[in-house]
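Please treat every number below as a calculation from the coordinates, not as lab data. Remember, predicted model here, so these are calculated numbers, not experimental data. Every residue, glycine among them, receives a Cβ derived from its backbone with ideal geometry; neighbour counts consider all protein chains shown.
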């Protein structure tokens, strides 16, 4: 069946280091992918997105890479800060409609050591 | 920055009771959604709503659930005859084109 999953449940990094969070998806028809950050007691917060016609997109301190060949998505956070500690979810839009449902992965906890 | 507002932040209800979760989407958004997240699990789609009707719903969204946009600003999720397994965080979201904005959620606890 269709699924979006994350390889590791937790990731611990030293403050100042770069973080890489990986995600695998199984629906090759998905054309839109998003990374969300969720802090305790809050809703998912948009970080960055990418369309399937791109393989890389950069934001402020974050980069998303998309490898459609192996159906893999990654989020890179440069110079990780304590405020980056949260649960990170990848999500895919499996339908072509811009506003159709999102399918979320299970989430990975990023813990930043001071 | 515009926000999606949800009330209440925490709702405790007895099994079998009805609850209404409320949301105020971003004012110029056209698409509205409800998702839920059982503790420690992933966020799951429940329903999407556009042009005053449901556009898509998941298998979770059975006859126990209903949504309504009673006026120009509110979007509600009603859960009839709540069950213990309905305990979860419920997130409202809205969008204009690509990219959702989520609210902070309502924690529903069914006892």
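Which residues in the stretch B:69-111 place their backbone N less than 14 Å from a point set 7 Å from the Cα of residue B:22 along the Cα-to-Cβ direction? Label zone hits: B:69-78, B:106. Mean-square fluctuations from a GNM of chain A, with a 10 angstrom spring cutoff on Cα atoms, peak among A:79, A:24, A:91 at A:79. Counts of other chain beta carbons within 10 angstrom of each beta carbon in peptide B:102-108 average 3. Convex hull volume of the Cα atoms of chain B, normalised per residue: 101 Å³.
Nearest-5 percent of antiparallel DSSP beta bridges in chain B? Of those bridges, close to 90 percent are antiparallel. Calculated on the alpha-carbon coordinates, the convex hull of the stretch A:4-113 measures out at 93 cubic angstrom per residue. Once C-alpha pairs closer than 8 Å and six or more residues apart are averaged by separation and normalised to the residue number of chain B, the relative contact order reads 39 percent.
Residues A:50, B:20, ranked from the fewest to the most other C-beta atoms within 10 Å, line up as B:20, A:50.
Run through every distinct alpha carbon pair of the stretch B:1-56 and return the Kirkwood hydrodynamic radius in angstroms, one decimal place.
Numbers: mean 1/r = 0.0748 Å⁻¹.
After inverting the pairwise mean of 1/r, the radius is 13.4 Å.
Mean per-residue shielding of peptide B:86-98 is 2, counting Cβ atoms of other chains within 10 Å of each Cβ.
What's the Cα-based Rg to Rh of the protein assembly as shown, Rh via Kirkwood? Before the final figure, lay out each step's value.
Working: Rg = 17.5 Å, Rh = 18.1 Å.
Here Rg/Rh amounts to 0.97.
Put in line by how crowded their Cβ is, counting other Cβ atoms within 10 Å and starting with the fewest, A:23, A:90 read A:23, A:90.
Across peptide B:57-64, the mean count of Cβ atoms from other chains lying within 10 Å of each residue's own Cβ comes to 0.
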